1. Every residue in region 259-286 that is aromatic (Phe, Trp, Tyr) and over 21 Å from residue 71 (Cα atoms), please.
2. Take the residues in region 78-119 that are in a strand (DSSP E or B) and under 23 Å from the mean Cα position of the chain (by Cα), then tell me which one is surrounded by the fewest Cβ atoms within 10 Å (Cβ to Cβ).
3. What number of residues in region 60-108 are among the hydrophobic types (A, V, I, L, M, F, W, C) and farther than 30 Å from residue 36 by Cα?
4. From the list 55, 15, 10, 39, which residue is surrounded by 14 or more Cβ atoms within 10 Å (Cβ to Cβ) and more than 15 Å from the chain's Cα centre (by Cα)?
5. So residue 178 ticks every box in (1) within 19 Å of residue 125 (Cα to Cα); (2) at pLDDT below 90; (3) not hydrophobic (A, V, I, L, M, F, W, C) but one. Which box is left unticked?
6. I'd like the full set of residues that are of a type in the set (S, T, N, Q) and closer than 26 Å to residue 197 by Cβ, limited to region 160-185.
7. In region 246-264, how many are among the charged types (D, E, K, R) and touching a Pro at 6+ places or on another chain (Cβ under 8 Å)?
8. Take residues that are surrounded by fewer than 20 Cβ atoms within 10 Å (Cβ to Cβ) and tell me which of the strands (runs of 3 or more DSSP E) falling wholly in region 120-205 contain 2 or more.
Amino acid sequence: MDINKLCEERILLAREAEKEKEFLTCINKEIKKRKDYIRALHLLEENRYDNTQARKQYTGLMHVIKKYELDMECLPEAFQKQTRAVQDASRGLEFGQKGEDRAAEAMALLGNRVISLQNLRLKYNNLDIEHDLVIIAPTGIFSVEVKNKRHNGIISEKGILKSGTHSENLIEQIRRHTNSLSRYLEEIYKKQPQLKKKLKVYPIILWANDRSNVKDHFREVPVCYINRLEYEIFKKEKYKAHLSRAEMEDICSRLKKRKQQNRLYPLCVDRDYLEELSEYCLAGLKQQMEDSTRRLRITEYDIRVLDKKIQQKEKGFLSKLGGLFTRDVI
């Protein structure tokens, strides 16, 4: 092969090598960018979160999966299972929050006829109870269990709610919530016997999703849809507290003063999951880096081979030139 052609081939290979090096630089930058982005989300900073924080964390995890287009079907089953748990937990929290927001909107429509407290967490002795919604009305005080279920529900005679594959013991929740709030108020107003007589707490189950239905076989506690809640709490023949506005405000003020920080819960994933997620987000880039590095090594090897050939050609050319020069001198 002509030395000029060898040199031209080397130039082309050198260009290919430069392109691979530029490509590797870009990949390294993208890997750093992804690592920085995931780190900036501050996922799993704490061991426990309240519902609002947990929703934010789960949303962040789901966004990472969507942003980097992870093909879940190609990932290990254990990771897929954990990801489904994240999705379910995220949807559950989101759905629960929507139910509580709808309940708050329903209360807002009643104006100053009632006073409502959302997510009221109180501690009394060994009891630590978080109420979805407490309504203080002229007719009485109501501890409202808000249920926002995607599927139709059935409440059995024993107070067991079944909705889809989920089931829960409502009677246990109701007893804990109403009894603890009753005892709490009795303790607050123990020196005011006249008001203490009015402080009975009534339970209500609020079905917040109008798109699903609930069949109620548990007759001990009223089950209301959102649009029926006000009619239930203003049944004067059933609830007879006769609280004045001043009494309602006093009860609200005293409960607010004793309200605890929202309860914190662990997420359904741990740091191992986050590390796996980070690795899977970088897996495609790392494979590209590996392929590019392999191509670069092959190209650099081919360049070294060409360099040897060019050197040999140059030596041969110089040797011939030297031979010609020697003959001319003779």
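1. So in region 259-286, the residues aromatic (Phe, Trp, Tyr) come out as 265, 273, 280.
Residue satisfying the conditions is 265 alone.
2. Only one residue tops the list, namely 118.
3. 6
4. Step by step, each of 55, 15, 10, 39 is checked, and only 10 is surrounded by 14 or more Cβ atoms within 10 Å (Cβ to Cβ) and more than 15 Å from the chain's Cα centre (by Cα).
5. Unmet for residue 178, out of (1) within 19 Å of residue 125 (Cα to Cα); (2) at pLDDT below 90; (3) not hydrophobic (A, V, I, L, M, F, W, C): (2).
6. Selection gives 178, 179, 180, 182.
7. Start the filter on region 246-264 by keeping residues that are among the charged types (D, E, K, R), which leaves 247, 249-250, 254, 256-259, 263.
From what's left, touching a Pro at 6+ places or on another chain (Cβ under 8 Å): none.
Here the count works out to 0.
8. Answer list for region 120-205: 127-137, 160-163, 166-169.
The values are calculated or read from the model by the stated rules, or taken from the named source; none is laboratory data. Fair warning: this is a prediction, and the values are worked out from it, not measured in the lab. FYI the Cβ positions are ideal-geometry reconstructions off the backbone, even for glycines, and counts take in every protein chain you see.
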